[in-house]
Amino acid sequence: MSSSTRAITRLASGLLIGFVGGIVTAAVTLITMYGSLIKLMIQPSAPLSVSALMAVFNSLTIMLMVGVSITVIAAVIQYLGFAELSSINSRYSTIKYLQGMLDFDVLSSINSRYSTAKIGALLIPVGSIIEVPGIYLFIDTMKELISTNQLNSAPTLGIMMQPITAALSMLIPSIILILVGGILSLVGLILIVIGYYRLGVDYGSDMVRVGAILYILAIIPYVGPFLSLVGIIMMIIGLFQIRQRPVKT
């Protein structure tokens, strides 16, 4: 297997792992949550209701850990793929430069062509890892507020019974971590999409190029996630199609 074939296979594998793992994790999370919520609705007594809510939060915590693990694995595999493509480009362009076929500016541009994607592949797991303690603190705070209300025999499970200032003091650190991690992940997503788009251009693959554009639309509410899923599928198919294809010159 050539270096370029191995690199593109890694990229396709990383996307496939992230896609399948994300779908399975989301499905299990929804099924678990709906099961717990149904149990909550059919058990009217307060203690059982609190227990059902705790089960929802515990399930969310477990699925969060699984989802982050999948994200990290998929991102590392994609990083390796882009790193190898970058190395191939660097060797190829350096030879052309020494032969007098490229000037220095073009050499620098080619050598850095997939550098943004490498950075993006690192920012996504870093952002996800930063988000984990934030989400965990947020869930733990919700559990604490609900549990405190129950222990105080409050007439409702709503967190509005807690002083607003106390609730904010517990939630602010978690929200900050979630925002910082989310911003890093978003920047990483944009950078890695640029890498896939450039890959589609280099190998003359409309499937990869259009898929990369759809992939970034995940940031659009409602229809964005569905378009993003279509984009991921297109990129996976396109990557497997171009594995043996020579780069366009």
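The values are calculated or read from the model by the stated rules, or taken from the named source; none is laboratory data. As the structure is a computational prediction, the values presented were derived from the model and not from experiment. Cβ placement follows ideal geometry from the backbone for every residue including glycine, while neighbour counts extend to all protein chains displayed.
Of the residues making up segment 181-197, those that are of a type outside the set (Gly, Ala, Ser) and under 14 Å from the mean Cα position of the chain (by Cα) are Ile183, Leu184, Leu186, Val187, Leu189, Ile190, Leu191, Ile192, Val193.
When restricted to residues that are modelled with pLDDT under 50 and in a helix (DSSP H, G or I), segment 161-194 contains 1.
For (1) modelled with pLDDT under 90; (2) hydrophobic (A, V, I, L, M, F, W, C), each residue gets a yes or a no:
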{"residue": "Met33", "(1), (2)": "yes, yes"}
{"residue": "Leu40", "(1), (2)": "yes, yes"}
{"residue": "Ala75", "(1), (2)": "no, yes"}
{"residue": "Ser93", "(1), (2)": "yes, no"}
{"residue": "Tyr97", "(1), (2)": "yes, no"}
{"residue": "Leu123", "(1), (2)": "no, yes"}
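Give segment 216-237 a look and list any residue that's within 17 Å of Phe19 (Cβ to Cβ) and touching a residue at least 24 places away in the same chain (Cβ under 8 Å), or say none. If the condition is that a residue be within 17 Å of Phe19 (Cβ to Cβ) and touching a residue at least 24 places away in the same chain (Cβ under 8 Å), then Ile216, Ala218, Leu229, Ile232, Ile233, Met234, Met235, Ile236, Ile237 are the ones that fit.
I'd like to check something: does segment 201-212 contain any residue that is at pLDDT below 90, in a loop (DSSP other than H, G, I, E, B) and among the hydrophobic types (A, V, I, L, M, F, W, C)?
no
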